[in-house]
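Written below as structure tokens is the structure these notes are about.
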Amino acid sequence: MEKHSMLYEGKAKKLFETEDPSILLIEYKDSLTAFNAQKKSTLSGKGSLNNKISAYLLEFIGSRGIPTHFVKIVDETHQLVKKVGIIPLEVVVRNITTGSLCKRLGVKEGVELKKPLLEFYLKDDALEDPIVTEDHVSAFEWASPAEVEILKRISLEVNKLLKERFLQVGIVLVDLKLEFGRTPDNTVILADEISPDTCRLWDISSGEKLDKDRFRKDLGNVLESYREVWERISKGEKR
Ligand code: ADP
Ligand code: UDP
């Protein structure tokens, strides 16, 4: 598949058209950003690790019946995906309290939730991705009520599948962010990426963070942690 014109350059990826109008080529970049891009860095090799981790996880959940945009991995930093119209929402599922949840509500950090907590955020960098309710989603028609049900069902299922998969390799899935899009026939499918940039992952025995919090909190060994995640899921395979 040929790399045609660039459709979009984001903080972590570039999207290119291909000769097939229904397929995009995604390039995973080495850049890392946090706090709405106020903190920026480049880490050589990060793009390649996230490309591989995301391809692996999208393929894994696809094999378990979840519809995703993933088509195939092309090389170290590129993968082909189905082009979708992105639904302007970020769906966050949490298993353990941390991050913005604790800041916003003043609840204790590191508490295991009795059942996964699902939240919607509006995908809008200028507004710093505010949290929204289902009523906001339907009032402003960001997604239809039927689509909201699909987003919730798929997100909880993906969380369950990945929680189990990570546990097999000694990693706790603390929380994750998912994005969805509509295909030309209006089917809702999972899009974007699933990687240590978009999930919180803690080592089960040491509690060590193996995700973007290492960058957010200046903990060091960012690349090493992403590599550790890739090595564990790609080697400790039980599929
Ligand atoms: P950001 O836009 O937040 O800086 P990225 O650098 O990850 O993030 O850019 C990737 C962009 O591509 C995101 O806006 C995401 O919603 C969008 N995207 C992901 N998958 C697809 C897809 N299959 N079709 C169209 N757009 C997509
Ligand atoms: N997340 C993300 N993109 C965002 C915001 C959050 O991928 O724009 C992920 C984040 O990595 C974490 C989960 O969503 O795995 C929940 O993040 P939280 O709301 O706690 O926000 P943060 O503390 O990162 O601001």
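Just so it is clear, none of the values below were taken in a lab; they were calculated from the coordinates. In this text the structure is predicted, and so the values were computed from the model without any measurement. Glycine gets a Cβ as well: all are built from the backbone with ideal geometry, and neighbour counts include every protein chain shown.
Between residue 3 and residue 102, what's the calculated FRET efficiency when r is the beta-carbon distance and R0 is 41 Å? Round to 0.05. Don't skip to the end; give the middle numbers.
Values: r = 42 Å, r/R0 = 1.02.
Efficiency, rounded to the nearest 0.05: 0.45.
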Quiz item: Rg (Å, one decimal) plus Dmax (Å, integer) for the alpha carbons of the chain?
Solution: 17.1, 51
Quiz item: Fewest to most neighbouring Cβ within 10 Å: what's the order for 73, 154?
Solution: 73, 154
Quiz item: What is the stretch 71-119 by shape, rounded, prolate or oblate, if you read a ≥ b ≥ c off the alpha carbon gyration tensor as root eigenvalues and call it rounded for a/c under 1.5, prolate for a/b larger than b/c, and oblate otherwise?
Solution: prolate
Quiz item: Based on the Kirkwood radius over alpha-carbon pairs, what value in µm²/s does the Stokes-Einstein equation return for the translational diffusion coefficient of the stretch 106-184 at 10 °C and 1.306 mPa s?
Solution: 109 µm²/s
Practice problem: Of the listed pairs 40/235; 39/123; 82/115; 40/177; 83/235; 13/46, which have alpha-carbon separations greater than 23 Å here? | Solution: 40/235; 82/115; 83/235
Exercise. Evaluate 2.2 N^0.38 Å with N set to the residue count of the stretch 163-239, then give the Cα radius of gyration divided by it.
Key: 1.25
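What value does the stretch 22-115 have for Rg/Rh, both radii from Cα atoms and Rh as Kirkwood defines it? Write out the running numbers ahead of the final one.
On the way: Rg = 16.5 Å, Rh = 15.9 Å.
Result: Rg/Rh = 1.03.
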Quiz item: Across the stretch 23-33, in residue order, what do the Karplus-derived ³J(HN,Hα) couplings come to in whole Hz, using 6.51 cos²θ - 1.76 cosθ + 1.60 with θ = phi - 60° and x for Gly and Pro?
Solution: 10, 10, 9, 9, 9, 8, 8, 7, 7, 10, 9
Exercise. Go through the stretch 174-185 residue by residue and turn each phi into a ³J(HN,Hα) via Karplus (6.51, -1.76, 1.60, θ = phi - 60°); whole Hz please, and just put x for glycine and proline.
Key: 7, 7, 7, 10, 10, 10, 10, x, 9, 6, x, 8
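As a footprinting exposure proxy, order 28, 226 by other Cβ within 10 Å, with the fewest listed first.
Numbers: 28 25, 226 28.
Listed from fewest to most nearby Cβ atoms, that is 28, 226.
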Exercise. Starting with the highest mean, order 86-96, 62-72 by the number of other Cβ atoms within 10 Å, averaged over the residues of each peptide.
Key: 86-96, 62-72
Exercise. Starting from the amide H of residue 98, placed 1.01 Å from N in the peptide plane, find each other amide H under 5 Å away whose residue is 5 or more places distant or on another chain.
Key: 110
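In percent, what relative contact order does the chain have, based on Cα pairs under 8 Å that are 6 or more apart in sequence?
Numbers: 434 pairs, mean separation 40.7, N = 239.
So the answer I get is 17 percent.
Please get the size of the charge dipole for the stretch 1-158, origin at its Cα centre, with Cβ charges of +1 on Lys and Arg and -1 on Asp and Glu, quoted in debye to the nearest 20.
On the way: 22 positive and 24 negative charges, 127 e Å.
With Lys and Arg at +1 and Asp and Glu at -1, about 600 debye.
Could you list 1, 6 in order of exposure, starting from the residue whose Cβ has the fewest other Cβ atoms within 10 Å?
Values: 1 15, 6 12.
Taking fewest neighbouring Cβ atoms as first place, the list is 6, 1.
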Self-check item: Packing rank of 12-18, 146-152, 189-195, 38-44, where each peptide gets the mean count of other beta carbons within 10 Å, highest leading
Solution: 189-195, 12-18, 146-152, 38-44
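Can you tell me, using C-alpha contacts under 8 Å and at least 6 residues apart, the relative contact order of the stretch 179-239 as a whole percent? Walk me through the numbers on the way to the answer.
Details: 55 pairs, mean separation 11.5, N = 61.
With pairs under 8 Å counted, the relative contact order is 19 percent.
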